[in-house]
Amino acid sequence: MTPTYSLYLHIPFCAHRCAYCDFNTYAGQEGTIPAYVQALCSEIQAVGSSVERSASAVETHPGVERSASAVETRLPVGTIFFGGGTPSLLTPAHYRDIFQAIHRHFDVLPEAEISLEANPGTASPDYLRELREIGFNRISYGVQSANPTELRMLERIHTYSDVVDAVRWSRSAGFNNLNLDLIYGLPEQSLAAWQRTVELIRGLRPEHISAYALTLEHGTPFGRWARKGLLPLPDPDLAAEMYEWLDEYLSHNDYAQYEISNWARSKDESEKMKDETDREFSSLIFHPSSFQCRHNLQYWRNLPYLGLGAGAHGYAGGVRYSNVLRIKTYIERLKTADCSLIAGNWPLSPAAVNHHRNSPREDMDETMMTGLRLTVEGVSAEAFHARFGVELTDIYGEKIDRLVKLNLLEWDAGCLRLTPPGRLLGNQVFMQFIGD
Ligand code: SF4
């Protein structure tokens, strides 16, 4: 059976660099956007057309192998995600070019989830309408806070009223799948201020909410200010309280947590009906009864995705890889791209600078680390056996027993998952599954 792939396309441009951000993104380089789009189309062609010819594209996961005869065809794609950076800085014309390249070289499934990350300050009614026409069906807005002081501290370019407008315009444009991203545990943020942000965001009725604790990263202004004592450090106990309150509040307001940092609303009956047409692949790939992010589920289930663009990461054909970070170098590498050179080297494009072929044990460890992020689904012992041909407990029995005794993991109907206390200590739990 052919696995369904995901495409991640990185758009590394921002109007302004936020003070806490350590993503691979650059302000003031918008002049290179046309050349970047051209390079991205070349990379799509390089990876897509090489897989059409290359037998090395055969996936090796038991249960999801492709037959040798199938390599003649384009890879089926179930989700596409444009992340950044600020993908909403590209024009509809840029996206038309990129979509044309994708459709030429990949088999995009009719019900594919196609998401764009956007800054609420860059949306407009016309822009959103055009995106919908081009084929986007999900938008993820980086809201972070509804509080003006907090937004200024984060150096965001938008206001809360921009968020309200962006959501309204998105609905009018026909988007019925919106995510709003939040950050909690900000310096000097009170529980009451956080609660107000969450209540306002929930009032906008997005289908999906993500919430991440602020981390002070090296090399960012926030990291430097904190080291010099100029920025009060976030209080970890208060951040934990904010997280627990959020989960409690959302669970009473129609949102179910399905991943450590993600909550989704259920679909109503008409929305579920639409999914019936899609059941054949949806039963394996995503949960059709809610607005869980299917693209991110692909990562958390440790299934293959192709990373395209400067600094993008990918995992396909058993290989983890990453592309060159700098925009100019990325464009240069793609200008001289020769598809025939990479035909035997799939999934690496000329932009790849790092790659590593996973051992079966590394694939298992990564499946545990990503799968345990899924708070309801967890890691199924049956699916683990089907994929790797060994029992989950034969590989990790001792570790699992220890973590179950500590009340950090639990078994439920053959699935291993984090307990509520385990969710607060997720990183420590995941570390237990890295190598021996
Ligand atoms: S908009 Fe997003 S990607 Fe850009 S600098 Fe701010 S946090 Fe980073």
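Coordinate-derived values only; no laboratory data. Treat the numbers as computed from the prediction; the structure is a model and nothing was measured. Virtual Cβ from ideal backbone geometry, glycine too; neighbours counted across all protein chains shown.
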(request) With only alpha-carbon atoms counted, please give the Rg and Dmax of the chain, in Å. (result) 21.5, 62
(request) Enumerate the helices in the chain for which the Kyte-Doolittle hydropathy averages -0.5 or more and the C-alpha atoms extend at least 27 Å along the helix's axis, using complete DSSP H runs. (result) 33-53
(request) Could you tell me which of TYR8, HIS158, THR393 has its Cα farthest along the dipole of the chain towards the positive end, charges placed at Cβ (Lys, Arg +1; Asp, Glu -1), taken about the Cα centre? (result) HIS158
(request) Mind pulling the per residue volume of the convex hull built on the Cα atoms of segment 144-247? Å³ is fine. (result) 102
(request) Could you tell me which GluC sites (Glu not before Pro) in segment 163-237 are loop residues by DSSP with no more than 14 other beta carbons within 10 angstrom of their beta carbon? (result) GLU188, GLU217
(request) For segment 287-390, just say rounded, prolate or oblate: build the C-alpha gyration tensor, square-root its eigenvalues into a ≥ b ≥ c, call rounded for a/c under 1.5, and beyond that prolate if a/b exceeds b/c, oblate if not. (result) prolate
(message) Positive end of the dipole of the chain, charges at C-beta (+1 Lys, Arg; -1 Asp, Glu), about the Cα centre: which of ALA256, SER290, GLY28 has its Cα farthest in that direction?
(response) GLY28
(message) As I understand it, the dipole of the chain uses +1 on the Cβ of Lys and Arg and -1 on the Cβ of Asp and Glu, about the Cα centre. Which of LEU191, VAL37, ALA312 lies farthest toward its positive end?
(response) VAL37
(request) Would you please give the FRET efficiency between HIS218 and ASN358, computed as 1/(1 + (r/R0)^6) with r the Cβ-Cβ distance and R0 = 22 Å, to the nearest 0.05? (result) 0.20
(message) Give me ASP365, ASP412 sorted ascending by neighbouring Cβ count inside 10 Å, so fewest comes first.
(response) ASP412, ASP365
(request) Would you mind ranking LYS267, LYS399 by Cβ crowding within 10 Å, fewest neighbours first? (result) LYS399, LYS267
(message) Rounded to the nearest 5, what % of DSSP beta bridges with both residues in the chain are antiparallel?
(response) 40
(message) What whole-number volume per residue, in cubic angstrom, does the convex hull of the C-alpha atoms of segment 344-436 give?
(response) 125
(request) Could you pull out every residue, at least 5 positions away or on a different chain, whose amide H is within less than 5 Å of the one on ASN177? Hs are placed 1.01 Å off N in the peptide plane, and Pro or chain starts have none. (result) ILE139
(request) Would you please give the residues with an amide H less than 5 Å from that of ILE260, counting only those at least 5 places away or on a separate chain, with H modeled from the backbone geometry? (result) THR375
